[in-house]
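What follows is one structure encoded as structure tokens, with my remarks underneath.
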Amino acid sequence: MSSRILVVEDDRDIAELVVHHLSRAGLGADVLSTGTDVLDHVRRDTPDLVILDVMLPGLSGLEICRLMRA
């Protein structure tokens with residue numbers, strides 16, 4: 001069974017770098033670029049790990065973290 005990782009990063013270059021390193025480690029990842037997309041995605045398909053940028057358009061990473069924990 002493979003891990004489901006969600007990368008939330010609005011800088012495309014950084015997101016690609018993170019996904020590249022995850023891929024080299026044999027892991028796959030979904031990528032989102034705005035905070036507002038995260039909660040719907042997490043409700044539909046709960047990831048095993050979320051790599052979350054703090055400063056995002058829409059909801060901030062800290063607010064997303066608070067909402068996911070609630």
message: Tell me the residue from Asp30, Asp13 that is at pLDDT 90 or above and either on the phi > 0 side of the Ramachandran plot or assigned to a helix (DSSP H, G or I) (or both), please.
response: Asp13
- prompt: If a residue has to be assigned to a loop (DSSP other than H, G, I, E, B) and crowded, with 18+ Cβ neighbours inside 10 Å to count, how many in the stretch 48-67 make the cut?
  reply: 3
- line: Across the stretch 33-47, the tally of residues that are in a helix (DSSP H, G or I) and either in contact (Cβ under 8 Å) with a residue 60 or more places away in the chain or farther than 17 Å from Gly61 by Cα (or both) stands at 1
Filtered residues of the stretch 23-47 (kept if open to solvent by less than 40 Å² (accessible area, probe 1.4 Å), under 14 Å from Arg4 (Cβ atoms) and touching a Ser or Thr at 6+ places or on another chain (Cβ under 9 Å)): Ala29, Pro47
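The values are calculated or read from the model by the stated rules, or taken from the named source; none is laboratory data. Everything numeric in this text was worked out from a predicted model, so none of it was measured. In this analysis, Cβ positions are derived from the backbone assuming ideal geometry, glycine residues included, and neighbour counts consider all displayed protein chains. When the accessible area is computed, the model is the full protein with side chains, heavy atoms only, and any ligands, DNA or RNA have been set aside. Shrake-Rupley method; radii C 1.70, N 1.55, O 1.52, S 1.80 Å.
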